[in-house]
Amino acid sequence: MLPGSRAKLTCPRVPGQPYRTPPPAGAPAEGFGEGAASQSHIPSTELPLTTPSSKRRPPRGSPNQPGKRDGAASATSPSPAPRGLFPTMPFAEPRGLPGQARLKMAADSEPESEVFEITDFTTASEWERFISRVEEVLNDWKLIGISSGKPLEKGVYTTETWEEKSDEISFADFRFSITHHYLVQESSEKDSKEELVEDVLPVAMQDLLCMNNDFPPRAHCLVRWYGLREFVVIAPAANNDAVLSESKCNLLLSSISVALGNTGSQVPLFVQIHHKWRRMYVGECQGPGVRTDFEMVHLRKVPSQYTHVSGLLDIFKSKIGCPLTPLPPINISIRLTYILQDWQQYFWPQQPPDIDALVGGEVGGLEFGKLPFGACEDPISELQLATTWPHLTEGIIVDNDVYSDLDPMQAPQWSVRVRKADNPQCLLSDFVTEFFKLCRRKESTDEILGKSAFEEEGKVADISHALSKLTEPTPVPIHKLSVTNMVHTAKKKIRKHRGVDESPLKNEVLNTILLYLFPDAAEKSADGSDARTSTSTGSLPPPDSEDYNLYIQFKSAPLDSLTYKLALCLCMINFYHGGVKGVAHLWQEFVLEMRYRWENNYFIPGLASGAPDLRCCLLHQKLQMLNCCIERKKARDEGKKSNSSDRSSGDPGRVESDKEKGEAGKSWESWSDSEEEFFECLSDTEELKGNGQDNLKKEGSKETLPLKPEGRLHQHGNLILLHLEEPLYVPITQEPAPMTEDLLEEQSEVLAKLGTSAEGAHLRARMQSACLLSDMESFKAANPGCCLEDFVRWYSPRDYIEEETVDEKGNVVIKGELSARMKIPSNMWVEAWETAKPIPARRQRRLFDDTREAEKVLHYFAVQKPADLARHLLSCILHAAVLKVKEEESLEDITSVKKIIKLIIIHASKGLRFPNPEDKKLEEIIAEITNVEATIAQARSLKAKFGIDKCDQEEERNDLENFVNSFLDQPEVSVIGAGRGPAGTIIHRLFVNAQKVMLPLDEDLKRSGSSDEKRFNPGSVADFPSPAGREVILRTVIPRPAPYSKALPQRMYSVLTKEDFRLAGAFSSDTTFF
């Protein structure tokens, strides 16, 4: 029994409604799932107050047995009768108590062994388990007890953050999801404790009357309909499930009513019924002695009496059934929404590119060096004007089926929202997206262009000549360096298999691209004089600027590099000139050009001198490596030419001396033609050193003269050799071999495979000391008679420690010795010094075999598929896209876009840092770039529509710019001055112009006798069309259901569109004095 109840419990009634007779005992109740038919029987209407103490059990969950609820709902709590839905859903029958206890006596045959056995058949039903699960969730989320909160400020539903929690519950085998939606608010515990007052209305009932957040532009539908800051929704878990039966709806309503009563929660609890697309909710909110019922009506066809305010007032008054006369005032809030869709053509400033000119080849180098930008269609599809009357009372305005005072020009508040086109076609994003699709292609270049597309013309493959081709080198034909020769190398071979008209790239397009990539081709002569072009900055940002150094974060390539230009050209070719076939064709031409430049000693333009820059992409490193090879090969060939000219002009004795010198070791210039060129470096070097030393010993035995110094660069300060009174000279040394990141990775893998054994460590140290050994040999040749200490003083001064000491005569003498690490036994430096021979750098085995490395680079280029090429250059394309977005944003000065661009750079730098970034991360970066491009296009479209460029007054111009930029950050923007402000005047003019275009159609509508058109537009020509949406909120505070009941908030929301009509009501009643 509930505390304080009367002698008999009767079935509860709905306030204001007569008592009903319950169904007969034993009648089944409809439920969910397979076990729904076995619900507990409903007991009789009246129950005795007490039972004998020997047979009475306290109800589960009662204070007498704390913690003994056994997962079931309280059986003694009377379940409030479910309510009906407006006129459409009748009231449900009340539910009774869940079960009864029966007494059973079992006796044996003998009378002395009589035993009383009490069997309890009261088991928790599915309905009770469901209620218990709802209560558990409410307790877990701490939604029990008195709720408190301050009145909300204006606009917080849009500016603040909404969060939600979800869980899953089930009724038998029917699954529901329960979700808690709430507005995140910053409130201290002290404030909340001070506000706890008895008999205060729940926060949800206070929100029903709050007028600060009517018509929020972005919120849950229940927030817009009821103005709630916190609520819980129970809905079917599966999207295709729905609660369609009226009895099931009433059962759910009874369940949440019991759960709210048992937990004391004051948070509104809703149940979603019918199909989800209808967004139908019913619910309840309970407080101390009060209750609010949330009901809803959703219709396709609108009754004519509900299309105006007077009809809505009638249904609102009849629903609340106020017994007072006169009726308390009813507050009215009205919003009419007008839609503008017919933009005029001149409002969209973006000019699409001339695709015919691009495809026809009528492009220059500048077009290939720039990415396009902008939307090809208007990114703003429609403008929605909301005219609002926030505070009205009944009798101030007239709005019925004959006449309406609701003139939008007289509305005190205007707000505008724009509807953006779904996925507008933007040029930059299309370029980047199509290029990214190349990364997923599987075809090789030969499969795209034909397997024999580059077969030698006029030659037939003969296997009998295979060995002769390997052993007998064929002379390489040297052509003049011109664009025509570049084009025709592969062009003829492709045409041979495809036909003239099927070639992917036309001659004029290919010529333009090659001239853009290799500007030195048209200027330099075939002798190669001044063929190397320095990197030119032109109009690019300065090298120390943030934009120029952005390539380091993206791991792409400098803006003025050949790699960067190649990426832009391939992107343009992929989009406009043949797709993947055009990309494969251009790449083949590029590879042929690289081989031509290698074989003819022409430097590759647009690359910085020096070793490969490991901060750039791998393809850029490979091109730099090839340039290093060309530089070494060119220097060697020029040295051979000068030596041959000197020998031809010199005396025979000089030639003989050269021959003798050649016996001591192979000359530096002769290694490129040596048969041992591709042998292993270690064995080859040892063989060379051995032969050289044998010859030197033979010479030393014949002559006792000391070795002559060779390969001196310059004297090293005032240093003198320790054992000789001669100055120390810096030798001419070999430059260390340049390495790309893939070669470094291969080298580290080889060294790691040697293991940690002593032998492996020794071999690893020898492999890493090849450059040290070369420098020692050069030092010995330049400084005959030197020792290891002399070498350390020049090579690693920190490892030679000098101290001042006093000798026997009292003079201060400086003495030095090697550091401790140099004195370690089996030191690699000591071992290398003992094995090093005095051989100058020009006669040493080359540390960097440019011929082999160049062939490796060219082979690497030749086997690249279009997908591999796109992977290498995608970082350059993203780099160029970000720079293009930054350039376009600087013209518009949009703060929000600047922040997004910074985030894009951060995400890209993290994603592109690794060699093989994930496709998902790349797609996210491209999507962010697409959003920024669309945002800038939207800003330009809005500026053109509002005529900002035509505004003469600076103050008005700034106001309009701020107004337009607000659309990019906010879902809805208020119009200052409503229809009389600068922006309102422009919006009014836009609607007037659109109405003039639609004037013939309007005349037809007037002839047809449209009542709504006549009611809103009594004049001859209307400035605005008929409203696309009408929203009305009615509020009042009245005692219900009896005159002496507590005055409680009542609210009804109505929305009328062309497609549907919805009423959402929240009606409160007093459950104590009724």
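The values are calculated or read from the model by the stated rules, or taken from the named source; none is laboratory data. Quick caveat, the model's predicted, so the values are computed rather than measured. Please note: Cβ atoms are built from the backbone with ideal geometry, for glycine as well, and neighbour counts cover all protein chains shown. Only protein heavy atoms, including side chains, enter the accessible area calculation; ligands, DNA and RNA are left aside. Shrake-Rupley method; radii C 1.70, N 1.55, O 1.52, S 1.80 Å.
Let me spell it out: the conditions are (1) in contact with a Lys or Arg (Cβ under 7 Å, 6 or more places away or on another chain); (2) part of a loop (DSSP other than H, G, I, E, B); (3) within 21 Å of LEU568 (Cβ to Cβ), and PRO917 meets all of them except one. Which number is the exception?
(1)
Yes or no, residue by residue, for (1) closer than 22 Å to SER1026 by Cβ; (2) open to solvent by less than 70 Å² (accessible area, probe 1.4 Å):
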position	(1), (2)
GLY369	no, yes
PRO372	no, yes
ALA375	no, yes
THR388	yes, yes
ILE396	no, no
PRO412	yes, no
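Every residue, every condition in (1) in contact with a Gly (Cβ under 7 Å, 6 or more places away or on another chain); (2) of a type in the set (Lys, Arg); (3) assigned to a helix (DSSP H, G or I), yes or no:
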{"residue": "ALA867", "(1), (2), (3)": "no, no, yes"}
{"residue": "GLU887", "(1), (2), (3)": "no, no, yes"}
{"residue": "SER890", "(1), (2), (3)": "no, no, yes"}
{"residue": "LYS921", "(1), (2), (3)": "yes, yes, yes"}
{"residue": "ILE929", "(1), (2), (3)": "no, no, yes"}
{"residue": "ALA939", "(1), (2), (3)": "no, no, yes"}
{"residue": "LYS943", "(1), (2), (3)": "no, yes, yes"}
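Matching residues to (1) touching a residue at least 12 places away in the same chain (Cβ under 8 Å); (2) on the phi > 0 side of the Ramachandran plot; (3) of a type outside the set (Lys, Arg):
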residue	(1), (2), (3)
SER769	yes, no, yes
PHE779	yes, no, yes
ALA782	yes, no, yes
ARG798	yes, no, no
ASP807	no, no, yes
LYS815	yes, no, no
ARG821	yes, no, no
TRP833	yes, no, yes
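Condition check: over 30 Å from GLN624 (Cα atoms) and either surrounded by 19 or more Cβ atoms within 10 Å (Cβ to Cβ) or in contact with a Gly (Cβ under 8 Å, 6 or more places away or on another chain) (or both). Does LYS780 satisfy that?
So LYS780 fits the description; yes.
Within the set of pairs 6+ apart or on separate chains, which have a first residue in the stretch 715-734 that is touching a residue at least 24 places away in the same chain (Cβ under 8 Å) and closer than 19 Å to GLU777 by Cβ, a second that is β-branched (Val, Ile, Thr) and surrounded by 14 or more Cβ atoms within 10 Å (Cβ to Cβ), and C-beta atoms under 6 Å apart?
Taking only residues 6 or more apart or on different chains, the pairs are HIS716/VAL730.
Looking at (1) among the hydrophobic types (A, V, I, L, M, F, W, C); (2) under 30 Å from SER941 (Cβ atoms); (3) open to solvent by less than 10 Å² (accessible area, probe 1.4 Å), which is the one condition that is false for LEU891?
All conditions are met except number (3).
Failed condition for ILE552, given (1) crowded, with 17+ Cβ neighbours inside 10 Å; (2) at pLDDT 85 or above, with all others met?
Of (1) crowded, with 17+ Cβ neighbours inside 10 Å; (2) at pLDDT 85 or above, only one is false for ILE552: (1).
Identify the residue in the stretch 917-934 that is of a type in the set (Asp, Glu) and either at pLDDT 90 or above or closer than 16 Å to SER556 by Cβ (or both) and, among all such residues, is least open to solvent (accessible area, probe 1.4 Å).
Applying the filter and picking the extreme gives GLU933.
Quick check on the stretch 241-252. Is at least one of its residues under 17 Å from GLY1065 (Cβ atoms), out of contact with any helix residue (DSSP H, G or I) (no Cβ under 6 Å at 6 or more places or on another chain) and open to solvent by 10 Å² or more (accessible area, probe 1.4 Å)?
No: zero hits.
In the stretch 492-525, what residues are at pLDDT below 50 and buried (at least 19 other Cβ atoms within 10 Å of the Cβ)?
Those that are at pLDDT below 50 and buried (at least 19 other Cβ atoms within 10 Å of the Cβ): LYS493, ILE494.
Step by step: first the residues of the stretch 843-865, then only those that are in a helix (DSSP H, G or I), in contact (Cβ under 8 Å) with a residue 24 or more places away in the chain and open to solvent by 10 Å² or more (accessible area, probe 1.4 Å), then the one that is farthest from GLY579 (Cα to Cα). Which residue is that?
Step by step, filter the stretch 843-865, then rank; the result is ARG843.
Would you mind stating whether SER769 is crowded, with 21+ Cβ neighbours inside 10 Å, within 30 Å of MET625 (Cβ to Cβ) and not acidic (Asp, Glu)?
The answer is no for SER769.
In this structure, does VAL1037 turn out to be under 38 Å from the mean Cα position of the chain (by Cα) and modelled with pLDDT of 85 or more?
No; evaluated as a whole, the condition is false for this residue.
Inside the stretch 414-426, can you point out the residues that are open to solvent by less than 10 Å² (accessible area, probe 1.4 Å) and more than 16 Å from ALA1028 (Cα to Cα)?
CYS426
Anything in the stretch 962-981 that is aliphatic (A, V, I, L, M), open to solvent by 40 Å² or more (accessible area, probe 1.4 Å) and either assigned to a helix (DSSP H, G or I) or touching a His at 6+ places or on another chain (Cβ under 9 Å) (or both)? List them, or say none.
Listed by number, the list is empty, since nothing qualifies.
List pairs: first in the stretch 1047-1073 and closer than 18 Å to LEU324 by Cα, second of a type in the set (A, V, I, L, M, F, W, C) and open to solvent by 10 Å² or more (accessible area, probe 1.4 Å), Cβ under 6 Å, 6+ apart or cross-chain?
Qualifying pairs under 6 Å: ALA1047/VAL1037; PRO1049/LEU209; PRO1049/VAL1037.
In this structure, does THR393 turn out to be part of a helix (DSSP H, G or I), polar (S, T, N, Q) and modelled with pLDDT of 85 or more?
Criteria not met by THR393.
Scan the stretch 171-190 and give yes if some residue there is part of a helix (DSSP H, G or I) and modelled with pLDDT under 90, otherwise no.
yes
Yes or no, residue by residue, for (1) surrounded by 15 or more Cβ atoms within 10 Å (Cβ to Cβ); (2) touching a Cys at 6+ places or on another chain (Cβ under 7 Å); (3) modelled with pLDDT of 90 or more; (4) in a strand (DSSP E or B):
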residue: ILE273; (1), (2), (3), (4): yes, yes, yes, yes
residue: TYR281; (1), (2), (3), (4): yes, no, yes, yes
residue: CYS285; (1), (2), (3), (4): yes, no, yes, yes
residue: GLU295; (1), (2), (3), (4): yes, no, yes, yes
residue: LYS301; (1), (2), (3), (4): no, no, no, no
residue: TYR338; (1), (2), (3), (4): yes, no, yes, yes
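Just the residues that are closer than 15 Å to LEU874 by Cβ and either without any contact (Cβ under 8 Å) to a residue 60 or more places away in the chain or not in a helix (DSSP H, G or I) (or both), please, taken from the stretch 895-909.
Looking only at the stretch 895-909, we keep the residues that are closer than 15 Å to LEU874 by Cβ, and these are 904, 907-909.
Once the filter is applied, which keeps residues that are closer than 15 Å to LEU874 by Cβ and either without any contact (Cβ under 8 Å) to a residue 60 or more places away in the chain or not in a helix (DSSP H, G or I) (or both), the stretch 895-909 yields ILE904, HIS907.
Please state which of the following conditions THR1072 fails to meet, knowing it meets all the rest: (1) among the β-branched types (Val, Ile, Thr); (2) part of a strand (DSSP E or B); (3) more than 39 Å from the chain's Cα centre (by Cα).
Every listed condition holds for THR1072 apart from (2).
Give me a count of the residues in the stretch 301-334 that are farther than 19 Å from VAL398 by Cα and of a type in the set (Ser, Thr, Tyr).
2
Checking ALA880 against (1) without any contact (Cβ under 8 Å) to a residue 12 or more places away in the chain; (2) not in a loop (DSSP other than H, G, I, E, B), only one condition comes out false. Which one?
(1) is the only condition that ALA880 fails.
Exactly one of these conditions fails for ARG129: (1) open to solvent by less than 20 Å² (accessible area, probe 1.4 Å); (2) part of a helix (DSSP H, G or I). Give me its number.
(1)
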